[in-house]
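Reviewing the structure listed below.
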Amino acid sequence: MAMERIDTTAALQALAHAERCAGRRIALVPTMGALHAGHVSLVKIARERADRVWLSIFVNPTQFDDPRDLAAYPRTLEADLAICRDAGVDAVFTPDAAQMYPAGAQTSVEVDELAAPLCGAARPGHFRGVATVVTKLLVAAQPHVAVFGEKDYQQLAVIRRLVRDLLLPVEIVGAPTVREPDGLALSSRNSYLDKSARASALALVESLRAAARAFAQGERRGDALTAEGASSIAAHPEVSVDYFAVVDAVAMQPVVDATPESVGIVAARVGKTRLIDNMVLGQPE
Ligand code: AMP
């Protein structure tokens, strides 16, 4: 069956209605495009859980706190469509901003406490944009299942929370982070890195490994584990750290006493490129 390309929310809703009436399960994989093997891994997980796999590509303007970042974000639509075809995606949803934000739109979705720390503090308004666009995508596509990467750990926590709070009838599935052989988490933003920045970017995963190693050696104090990670990344002066923290996996608050489920989480700039990564302390990589 040829892959469908859908540009309007009306067409997406009509297709969702038809598939649901035919008794088929729909899985949605929301993305901003510039697809890589991390996105493809989400498609594979979606495929195991549904009869139809849909992938959306929308560079959502409301989640960018910096207009230059939005303007520069990689857009590789033709390559993305080829990747989707190869991965067996049934339909790709490629709306423009006017489809997702009808003229004069003034409604947004805000998750309070979970969205406040970490990336919420570093990027004002970011999670309001994410929560709003994900809610709209879930309402428009009416999937039974939606798959998101653990790579964006706080984002996943925010989405799980909004789905519960708004009573949305969809199962949220988290997918493990896909990494390069040396450990760098795949990201659309990695395309910005030149050779030396690419080497510096390893400082993020190394800081998480340092905290996970200390945890494996028996350290349980949250502040000591945080100090391990923070001093590891501070050894790279060319990397500018937004935060390094060891947090509770659900509330995203710093832990006093770490457990195997606690998460090391880091955001840092390498040159102009902002990267994020995280690691569950009891399950390093
Ligand atoms: P993005 O296009 O960056 O907004 O990401 C779309 C989805 O892919 C989100 O659910 C991300 O968490 C997920 N994702 C991004 N990078 C990876 C990765 N390296 N491994 C697994 N999932 C990822």
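The values are calculated or read from the model by the stated rules, or taken from the named source; none is laboratory data. Quick caveat, the model's predicted, so the values are computed rather than measured. Note that each Cβ is placed from the backbone with ideal geometry, even for glycine, and that neighbours are counted across all protein chains shown. Accessible surface is based on the protein model in full, side chains and every heavy atom, while ligands, DNA and RNA are left aside. Shrake-Rupley method; radii C 1.70, N 1.55, O 1.52, S 1.80 Å.
Taking region 1-78 as the region of interest, the helices (runs of 4 or more DSSP H) fully inside it that hold 1 or more residues being touching a Phe, Trp or Tyr at 6+ places or on another chain (Cβ under 6 Å) are 9-21, 67-72.
Right, ALA34: under 17 Å from GLY149 (Cβ atoms), open to solvent by less than 60 Å² (accessible area, probe 1.4 Å) and out of contact with any His (no Cβ under 7 Å at 6 or more places or on another chain) or not? Considered against the rule, which asks whether it is under 17 Å from GLY149 (Cβ atoms), open to solvent by less than 60 Å² (accessible area, probe 1.4 Å) and out of contact with any His (no Cβ under 7 Å at 6 or more places or on another chain), ALA34 comes out as yes.
For region 56-73, a residue qualifies if it is near the ligand (Cβ under 9 Å from one of its atoms) and open to solvent by less than 10 Å² (accessible area, probe 1.4 Å), and exactly one does: ASN60. Looking across region 37-53, the residues that are within 15 Å of the ligand (Cβ to nearest atom) and open to solvent by less than 40 Å² (accessible area, probe 1.4 Å) come down to GLY38, HIS39, VAL40, SER41, LEU42, VAL43, ILE45, ALA46, VAL53. Checking each residue of region 14-31 against the condition of being open to solvent by less than 20 Å² (accessible area, probe 1.4 Å), within 15 Å of the ligand (Cβ to nearest atom) and of a type in the set (Ser, Thr, Tyr) gives at least one match. From THR226, THR177, which residue is in a helix (DSSP H, G or I) and either away from the ligand (no atom under 16 Å from the Cβ) or buried (at least 17 other Cβ atoms within 10 Å of the Cβ) (or both)? On inspection, the qualifying residue turns out to be THR226.
Quick check: is even one residue across region 137-147 outside the structural domain of ALA268 (by TED's automatic domain parsing) and either under 26 Å from VAL241 (Cα atoms) or among the acidic types (Asp, Glu) (or both)? No. None of GLY104, GLY183 is on the phi > 0 side of the Ramachandran plot and within 13 Å of the ligand (Cβ to nearest atom) except GLY183.
Looking at region 101-112, can you tell me whether even one residue there is at pLDDT 95 or above and in a helix (DSSP H, G or I)? No - not one qualifying residue is present in region 101-112. Could you list, in sequence order, the residues of region 74-86 that are touching a strand residue (DSSP E or B) at 6+ places or on another chain (Cβ under 8 Å) and surrounded by 15 or more Cβ atoms within 10 Å (Cβ to Cβ)? The answer is ASP80, LEU81, CYS84.
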